[in-house]
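Down below is the structure, laid out as C-alpha cells.
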Amino acid sequence: MSENPFRPTFGRTPPLLAGRDRLVAPFAETFRTGVWIPDRVSLVRGLRGIGKTVLLNAIEDAARRHRWLVISETARDGLADALAQTTLPALLRDNDPDGRRRELLGAGVSGASLSTRVVDEHQPEKALREQLTQLCGIAADRGAGVLITLDELHGDVLGEIRQLTIALQHLQREEAEIGFVAAGLPAGIEEVLQDKGTTFLRRAASVELDSLTLDETRRALREPIETAGRSIGDAALEEAALASRGYPFLVQAVGSFAWAAAPDDPEISTAAVREAARRAHRVLGTNVHGPSLSRLSFTDRTFLAAMALDDGPARMSDIADRMGVESRYASVYRHRLLLQGLIESAGWGKVAFTLPYLRDYLREHDVPSPLTRPARSTFPATEPDLTGAVDDVGDRTS
Ligand SMILES: Nc1ncnc2c1ncn2[C@@H]1O[C@H](COP(=O)(O)OP(=O)(O)OP(=O)(O)O)[C@@H](O)[C@H]1O
Ligand SMILES: [Mg+2]
C-alpha cells in the first residue's frame with residue numbers, strides 16, 4: 001500500500017499543481033534572466049482554498065532554483081521588527097558569513113552588532129532598508145536577486161505593511177534587484193489598498209486565482225493516483241472531477257478520501273469516489289464555509305440565506321423582497337459580499353455564490369439568520385473518522 005498522495009491541508013503543496021504553470025512560468029523566467037516579465041510587485045487575489053499559498057510556494061521554489069534569496073513571510077503583528085531584528089540579520093550572516101559586504105558598506109561589522117544597533121535606534125524602516133540593500137548586494141554577487149513573499153495580506157496589520165512597502169519603495173528607486181509578491185483574500189487586499197500609506201501597492205500587477213478547468217481537475221486527480229501506483233477508471237474520475245468543481249481544496253479532499261477508502265484495491269472505484277465526495281463536502285463546510293460565514297454580520301448572512309432559496313443565480317429584487325428591505329439597502333450588502341469575494345455578479349441584477357456548495361451549506365446548516373430554513377442536516381451527527389485521509393488543517397507549513 002503506497003502513501004496517500006493528496007494534500008488536503010491549507011498551505012501544503014499538492015502532488016500536482018494543476019493549471020498554474022502559466023502563472024509561475026513568467027516568474028521563473030525572471031529569476032533565470034533577471035529581466036522582470038511579471039511586475040516586480042504583484043498581488044495574488046483569490047478565494048479561501050483556491051491555492052494562493054501554494055502558488056507563493058511555487059514562485060519561491062522557482063526563485064531558489066535560480067539562487068535567489070527568498071524571504072517568505074505572513075502578514076502579522078510585529079513583522080517589520082522580526083524582519084529587521086531576526087530574519088534579515090540571520091540571512092545576512094548565513095549568506096555573507098565573513099561580513100565582507102557589510103564592512104564594505106560601512107553598516108557594521110557583524111550580524112550581531114548590526115542587530116544591536118537596530119534595536120537601539122528603533123528605526124525598523126531604516127534597518128529594513130539597509131539590511132535589504134546589503135542582501136540585494138550579496139544576491140547580485142551571485143547573479144541573482146531577492147524575493148519577498150507575503151501571505152495573508154489583510155487590513156489588520158497595515159502598520160507592518162506600510163513599513164515594509166516604504167523599504168521596498170526605496171530599494172526599487174535604487175534599482176536593487178528585488179521582487180515582492182503578496183497574496184490575500186480579495187477583501188483583505190482591498191482593505192490594504194484603501195490605506196493611504198500603501199499607494200505603492202496600488203500599482204502592483206494583479207494575479208487573480210481562478211478555479212481549475214475540468215481538464216486541469218482531471219489531471220490533478222489522475223496523475224498523482226497513477227504516479228503513486230494505482231489507477232482510477234474514467235467514470236470514477238469524471239465523478240471525482242465534477243464533485244470537486246475545480247476548487248483546489250476539494251480536489252485534494254475528494255482525492256484523499258477516495259484514495260483512503262480501500263487503499264489496497266489497485267483501482268479506485270466509483271463507489272469510493274461517491275463516498276469521498278460526501279465526506280469532502282463535509283470537510284469543506286468545516287474548514288471553509290463555516291469560517292467564511294462566521295466573520296460576516298448577521299445581515300450579510302441574511303442576504304446569503306435569501307440567495308440560497310434559489311437553485312441558481314438570484315435576482316437582487318427577490319433577495320430584497322425576501323429580506324423585507326428596499327433594494328437600495330440590499331445593494332449595500334451586495335457590495336460588501338462582493339468585496340468579500342463570497343458572491344459575484346451573474347448578469348443584470350443577479351448574483352451567484354463563488355464558493356462551491358455554499359448554497360447547500362446554507363440550506364443544510366442552521367446558519368443564524370431569520371431566513372434560514374429549519375435545519376435539515378443531511379450529515380451524520382458525529383464527525384467522520386478522518387484518520388489517514390485529511391491532515392490537520394493548519395497554517396501555512398512550508
Ligand atoms: N493548482 C492546484 N492543484 C491542485 N491542488 C491545489 C492547487 N492549488 C492548491 N491546491 C490545494 O488546495 C488546498 C488549498 O491551497 P492553499 O492553502 O494554497 O489555498 P489558499 O488560497 O492559500 O487558502 P486560504 O485563503 O485559506 O489561505 C491545498 O490542499 C492545496 O494542496
Ligand atoms: Mg493560504
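Rule-based calculations on the coordinates, nothing more; no lab input. As the structure is a computational prediction, the values presented were derived from the model and not from experiment. Cβ placement follows ideal geometry from the backbone for every residue including glycine, while neighbour counts extend to all protein chains displayed.
Across every pair of different alpha-carbon atoms, what Kirkwood hydrodynamic radius in Å does the range 1-56 reach?
For the range 1-56, inverting the mean 1/r across all distinct Cα pairs yields 13.1 Å.
On a 0 to 90 degree scale, rounded to 10, what angle separates helix 270-284 from the longest Cα axis of the chain?
Approximately 60 degrees, to the nearest ten.
D for the chain, whole µm²/s, Stokes-Einstein with Kirkwood Rh over alpha-carbon pairs at 37 °C and 0.692 mPa s: what number?
Values: Rh = 23.2 Å.
D = 142 µm²/s.
Pull up all non-local amide H partners of VAL70: gap of 5 or more, or a different chain, and H-to-H distance under 5 Å with H placed in the peptide plane.
Result for VAL70 returns LEU147.
Please report, in cubic angstrom per residue, the volume enclosed by the convex hull of the alpha-carbon atoms of the range 218-292.
Values: hull volume 5.3 nm³, N = 75.
Given the Cα convex hull of the range 218-292, per-residue volume reads 71 Å³.
Output ³J(HN,Hα) for the range 195-209: one whole-Hz value per residue in order, computed from phi by the Karplus curve 6.51 cos²θ - 1.76 cosθ + 1.60 with θ = phi - 60°, and x for Gly and Pro.
Going residue by residue, I get 6, 4, x, 10, 3, 3, 6, 5, 8, 5, 6, 9, 10, 9, 8 Hz, with x marking Gly and Pro.
Have a look at ASP21, ASP77, ASP311 and tell me which one the Gaussian network model of the chain (Cα, springs below 10 Å) gives the largest fluctuation.
Its mean-square fluctuation being the largest, the pick is ASP311.
How big is the C-alpha Rg of the range 1-110 next to the rule-of-thumb value 2.2 N^0.38 Å, as a ratio?
Normalised by 2.2 N^0.38 Å, the Cα Rg of the range 1-110 equals 1.33.
Multiplying the sequence separation of ARG76 and ASP318 by 0.36 nm and subtracting their Cα-Cα distance, what value in nm do you get?
83.1 nm
Mind jotting down the three principal axis lengths of the range 21-208 based on Cα atoms? Whole angstrom, largest first.
Computed over the range 21-208, the largest-to-smallest principal extents equal 45, 34, 27 Å.
Can you compute 3J(HN,Hα) from phi for each residue in the range 288-295, using the Karplus curve 6.51 cos²θ - 1.76 cosθ + 1.60 with θ = phi - 60°, rounded to whole Hz and x for Gly and Pro?
10, 5, x, x, 5, 6, 5, 8
Tell me which aspartates and glutamates have Cα within less than 19 Å of LYS350's Cα, excluding those fewer than 8 residues away on the same chain?
ASP300, ASP310, ASP311, ASP318, ASP321, GLU326, ASP360
Cut-off 15 Å, label point 7 angstrom out along Cα-to-Cβ of GLU223: give me the residues of the range 41-63 whose amide nitrogen falls inside.
55, 58
Hey, which aspartates and glutamates would be in cross-link range of LYS126, C-alpha to C-alpha under 16 Å, not counting anything within fewer than 8 residues on its own chain?
LYS126 reaches ASP81, GLU160, GLU174.
In Å and whole numbers, how far do the C-alpha atoms of the range 117-270 stretch along each principal axis, longest first?
64, 38, 27
Report, by chain and number, residues whose modeled amide H sits under 5 Å from the one on VAL44, excluding near sequence neighbours (fewer than 5 apart, same chain).
Distant-sequence amide H within range of VAL44: ALA182, ALA183, GLY184, VAL207.
Any lysines with Cα under 26 Å of the LYS52 Cα? List them, leaving off those in the same chain fewer than 8 positions away.
Those lysines meeting the cut-off are LYS196.
For ILE268, which sequence-distant residues (separation of 5 or more, or a different chain) have an amide H within less than 5 Å of its own amide H, given hydrogens modelled in the peptide plane?
Counting only residues 5 or more places away or on other chains, the set is SER231, ILE232, GLY233.
Over the Cα atoms of the range 296-364, how large are the radius of gyration and the largest Cα-Cα distance (Dmax), in Å?
Radius of gyration, then largest Cα-Cα span, for the range 296-364: 10.5, 29 Å.
How big is the dipole moment of the chain about its Cα centre under a simple scheme where the beta carbon of each Lys and Arg is +1, that of each Asp and Glu is -1, and everything else is neutral? Debye, nearest 20, please.
720 debye
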